[in-house]
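One structure is given below, encoded as structure tokens.
The values are calculated or read from the model by the stated rules, or taken from the named source; none is laboratory data. Computed from a predicted model, the values in this text were never measured in an experiment. All Cβ positions, even for glycine, are placed from backbone atoms using ideal geometry, and neighbour counts span all protein chains on display.
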Amino acid sequence: MKRPFVIVCSLFAAIFALGSDPPAVRVEPTDSVGPRPLEKQTRTAVIRDYLQAWRGLSGAFEQNRADLLDPDFVGAAKEKLAETIREQATQGIRTRYRDSAHDLQVVFYSPEGLSIQLIDTVEYDVQILDDDKVQTTQHVRARYVAVLTPTEVRWKVRIFQAEPK
């Protein structure tokens, strides 16, 4: 009996995720981002993987599952986000993030190619849910600093923090 329910819930979640509009993304030119030139293929992969990290973050917070951070986050970023998820789970709440726009600027690419720093001015809606009931919704415009590092097959977010406005 539980299995069909889980399958139906998964289908609804997939339909909801696929039905939502992707965020608008603007990337500033990357002509001078450090001592090493940023290749077009690397730039594309970093932006793709960073935006995927936002989707992973959203799913992890909405389901209170820190393990969903694993494909997209490492190190300090993953530890901080996982701790926040654990805290909200103990309070019996969930958080839903829906990013609507990213204004990205690549500001540094390390000489050895082991890290890229982005600044993201992002707009998103955040909802706090208690027993699937929306308690509050807030539209946020924030500036994030992210440092990504390459792994075997993709870039992962290692540092992820909001800057004070």
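For segment 78-128, what are the residues that are of a type in the set (D, E) and crowded, with 17+ Cβ neighbours inside 10 Å?
The answer is D99, D120.
Can you find, within segment 31-80, the residue that is modelled with the highest pLDDT among those that are assigned to a loop (DSSP other than H, G, I, E, B) and hydrophobic (A, V, I, L, M, F, W, C)? Let's see the steps before the verdict.
Of all residues in segment 31-80, those assigned to a loop (DSSP other than H, G, I, E, B) come to 31-39, 64-65, 70-72, 74.
So of that shortlist, the ones also hydrophobic (A, V, I, L, M, F, W, C) come out as 33, 38, 74.
On the way: V33: 74, L38: 86, V74: 97.
Applying the filter and picking the extreme gives V74.
Answer yes if at least one residue in segment 100-123 is under 20 Å from G59 (Cβ atoms) and of a type in the set (D, E), and no otherwise.
Taking every residue of segment 100-123 in turn, at least one turns out to be under 20 Å from G59 (Cβ atoms) and of a type in the set (D, E).
Among (1) touching a Ser or Thr at 6+ places or on another chain (Cβ under 9 Å); (2) without any contact (Cβ under 8 Å) to a residue 60 or more places away in the chain; (3) not small (G, A, S), there is one condition R94 misses while meeting the rest; what is its number?
Against the list (1) touching a Ser or Thr at 6+ places or on another chain (Cβ under 9 Å); (2) without any contact (Cβ under 8 Å) to a residue 60 or more places away in the chain; (3) not small (G, A, S), R94 comes up short only on (1).
Looking only at segment 118-158, which residues are within 14 Å of D49 (Cα to Cα) and part of a strand (DSSP E or B)?
Once the filter is applied, which keeps residues that are within 14 Å of D49 (Cα to Cα) and part of a strand (DSSP E or B), segment 118-158 yields L118, D120, A146, V147, L148, T149, P150, W155, K156, V157, R158.
Would you pick out the residues in segment 41-51 that are free of Cβ contacts under 8 Å to residues at least 24 places away in the same chain, closer than 18 Å to D103 by Cα and not hydroxyl-bearing (S, T, Y)?
Answer for segment 41-51, where residues must be free of Cβ contacts under 8 Å to residues at least 24 places away in the same chain, closer than 18 Å to D103 by Cα and not hydroxyl-bearing (S, T, Y): just R48.
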